[in-house]
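The values are calculated or read from the model by the stated rules, or taken from the named source; none is laboratory data. Keep in mind it's a predicted model, so treat the numbers as computed, not measured. Cβ coordinates were reconstructed from backbone atoms using ideal geometry, including for glycine residues, and neighbour counts include every protein chain displayed.
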Protein chains: 2
Amino acid sequence: MSTLARFALNQITTPTWSLAETIEACARHGVGGLGVWRDKVEAYGVDRAARHLREAGRFAACLCTGAWLDATEPAALRRQMAENAALLEMAATVGAPCLVMVVGGLPAGCKDIGGHRERIADLLCELAPTARALGVRLGIEPLHPMYAAERCCISTLEQANDLCERIGDAAAIVADVYHCWWDPHFERELRRAGPSRIVTFHYCDWRVPTRNLRDRAMPGDGVIDLARIRGWLDDMGYTGPFELELFSELDWWQRDPEETLKIGIERCTPLVS
Amino acid sequence: MSTLARFALNQITTPTWSLAETIEACARHGVGGLGVWRDKVEAYGVDRAARHLREAGRFAACLCTGAWLDATEPAALRRQMAENAALLEMAATVGAPCLVMVVGGLPAGCKDIGGHRERIADLLCELAPTARALGVRLGIEPLHPMYAAERCCISTLEQANDLCERIGDAAAIVADVYHCWWDPHFERELRRAGPSRIVTFHYCDWRVPTRNLRDRAMPGDGVIDLARIRGWLDDMGYTGPFELELFSELDWWQRDPEETLKIGIERCTPLVS
């Protein structure tokens, strides 16, 4: 197996590239796969995207991201649910094993985070049969607590594990070092999830100082002990993908994507081989 | 008991006021106490500060904040420990029941957050006899996980409770809604701490959208269910102070402190009575 066979470039890392350009770049550098984004897939066409991935021999690690589930009106919430069902189908077509569920923050006017988390659990259970029928998993991604109000009210791996146990095996976990590195229970909850529940694993680093809420660092440039975390994953028998996912308004997004990818490969090689 | 007897204005909320001005403002509005800051106390003089508080009949809810414990050189770390011992003495002199321990983030070059948390626990244990002798408690404040790398590696109430159990009753908890509101175990860990371990309780609100890492909202302007949280505290028998603590670069810090205090009183009255 090639060194980079399990490595995937998440498209948000090189946002100026189209899907076709990203697939070609990955093929050129021997990067095994891509984390694909729905807007890029839509712009290219779902069937073309699937064909191009297949012909280039690249895998889709995940489809980013599901629709938020934060509508307050019942009809609007039904539309969000239908959108997620359609995205699960998109994931199946492009061959992604999961749709990354970033479930949204609090609905407008809501201060009941506990109650809203319960509603989210019910809605994910409702989506599960669709996911199961399509052979795609709901990739629950706990987001850093600083996003709890605005992007995703699922904040810890422990919550994600609890949700998976409630939903059944149509659910899985998308784990990301940026969101979880600070958590005293990160290792415990990774081991609880086990290799069958972790569907893809996201790398980046935590920058010091952190200048805004989209300021991720390249692996090696921050304070996260990525080698140790990789050790946990090996130890527990994880054999899935490792994605490089950088949201970086002030740095990497401003660079030539070719440079970002080259440096990303250099930094990630020891972490993905 | 007056409506505002348990209410305290944390000085960081009105940073342009001196300590004397803050004491007078609290007296004028019937606000029972103050969360005092070391730089303000030093500028005024510790004994004068203590006398002014006493004569104005205002209590000190806490002294903010302890020195970070993040030095890498042994001699520098000893200086940080000595600084904390001196600050415990300052707290005792001004009559504050606790020194708020914001323990710092990761030492330069350190990626081992778990190991560093262990060292912090040992250092706090080492400070405990000094605190006990002075009748001041180490007020452990878990800070939001977004500050784990740079300001405080104690990130959850659960960690703070574990630390208190290890250190003994020289340690207590400073709980703050801003840092803990998102935590699925916030209520559970407050109840675990119980009224004797919570030494003061900080109010503000979580603003949506959050624009930077010092963007706290006035109670009522954010997404935190403060009334519900007050209910938990009443239910568990908490009878300590409630402080208004706003870090707000883009809003409240730019206003006339008199206006901030008036609006703060208006918003907090139902939460502190």
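Only one of the listed residues (B:Gly237, B:Gly222) is part of a loop (DSSP other than H, G, I, E, B) and touching a helix residue (DSSP H, G or I) at 6+ places or on another chain (Cβ under 6 Å). That residue is B:Gly237.
Contact map, region A:77-94: first residue within 9 Å of A:Gly66 (Cβ to Cβ), second residue among the hydroxyl-bearing types (Ser, Thr, Tyr) and assigned to a helix (DSSP H, G or I), Cβ cut-off under 7 Å, separation 6 or more or different chains; pairs are A:Leu88/A:Thr130. I'd like to verify a number: residues in region B:142-168 that are closer than 19 Å to B:His185 by Cα, small (Gly, Ala, Ser) and within 10 Å of chain A (Cβ to nearest Cβ), how many? Here the count works out to 2.
Report yes if some residue within region A:70-84 is assigned to a helix (DSSP H, G or I), out of contact with any Pro (no Cβ under 7 Å at 6 or more places or on another chain), under 27 Å from A:Phe242 (Cα atoms) and within 14 Å of chain B (Cβ to nearest Cβ); otherwise report no. No, the conditions are met nowhere in region A:70-84. Assessment of region A:188-195 against the conditions (within 17 Å of the chain's Cα centre (by Cα), at the interface with another protein chain (Cβ under 10 Å from one of its Cβ atoms) and closer than 21 Å to A:Cys164 by Cβ) yields no matching residue.
The residues of region B:37-53 that are within 21 Å of the chain's Cα centre (by Cα) and either at pLDDT below 95 or farther than 11 Å from B:Ala20 by Cα (or both), listed by number, are B:Trp37, B:Arg38, B:Asp39, B:Glu42, B:Val46.
What are the residues in region A:17-31 that are crowded, with 23+ Cβ neighbours inside 10 Å and assigned to a loop (DSSP other than H, G, I, E, B), if any? A:Val31 - this is the single residue of region A:17-31 that is crowded, with 23+ Cβ neighbours inside 10 Å and assigned to a loop (DSSP other than H, G, I, E, B). Condition test on B:Ala108, is it of a type in the set (Gly, Ala, Ser) and in contact with a helix residue (DSSP H, G or I) (Cβ under 9 Å, 6 or more places away or on another chain)? So B:Ala108 fails the test. The set of residues in region A:212-221 being within 11 Å of another protein chain (Cβ to nearest Cβ) and farther than 18 Å from B:Ala108 by Cα consists of A:Asn212, A:Leu213, A:Asp215. Among the residues of region A:171-187, is any in contact (Cβ under 8 Å) with a residue 12 or more places away in the chain, crowded, with 18+ Cβ neighbours inside 10 Å, at the interface with chain B (Cβ under 9 Å from one of its Cβ atoms) and of a type in the set (Ser, Thr, Tyr)? No - not one qualifying residue is present in region A:171-187.
Remark: pairs (first residue in region B:1-23, in contact (Cβ under 8 Å) with a residue 24 or more places away in the chain; second residue basic (Lys, Arg) and assigned to a helix (DSSP H, G or I); Cβ separation under 6 Å; 6+ apart in sequence or on different chains) = B:Gln11/B:Lys40; B:Leu19/B:Lys40. In region B:200-219, the residue that is surrounded by the fewest Cβ atoms within 10 Å (Cβ to Cβ) out of those that are part of a loop (DSSP other than H, G, I, E, B) and in contact with a strand residue (DSSP E or B) (Cβ under 8 Å, 6 or more places away or on another chain) is B:Arg214. Just one of the numbered conditions (1) surrounded by fewer than 22 Cβ atoms within 10 Å (Cβ to Cβ); (2) within 11 Å of chain A (Cβ to nearest Cβ) is not true of B:Arg230: (2). Kindly indicate whether A:Gly139 is buried (at least 17 other Cβ atoms within 10 Å of the Cβ) and touching a residue at least 40 places away in the same chain (Cβ under 8 Å). So A:Gly139 passes the test. Scanning region A:82-122 for residues that are within 30 Å of B:Thr210 (Cα to Cα) and either buried (at least 16 other Cβ atoms within 10 Å of the Cβ) or small (Gly, Ala, Ser) (or both) yields a count of 25. Counting the residues of region A:28-52 that are in contact (Cβ under 8 Å) with a residue 24 or more places away in the chain, under 23 Å from A:Cys204 (Cβ atoms) and either in contact with an Asp or Glu (Cβ under 8 Å, 6 or more places away or on another chain) or not basic (Lys, Arg) (or both) gives 10. When region A:114-129 is filtered for residues that are more than 14 Å from A:Leu77 (Cα to Cα), more than 14 Å from chain B (Cβ to nearest Cβ) and under 20 Å from the mean Cα position of the chain (by Cα), the ones remaining, listed by number, are A:Cys125, A:Ala128. Output the residues belonging to region A:54-66 that are within 18 Å of A:Pro142 (Cβ to Cβ) and not in a strand (DSSP E or B). Those that are within 18 Å of A:Pro142 (Cβ to Cβ) and not in a strand (DSSP E or B): A:Thr65, A:Gly66. The C-beta contact set for region B:104-125 (first residue without any contact (Cβ under 8 Å) to a residue 24 or more places away in the chain, second residue in a loop (DSSP other than H, G, I, E, B) and of a type in the set (A, V, I, L, M, F, W, C), distance under 7 angstrom, 6+ apart or interchain) comprises B:Lys111/A:Val223; B:Lys111/A:Ile224.
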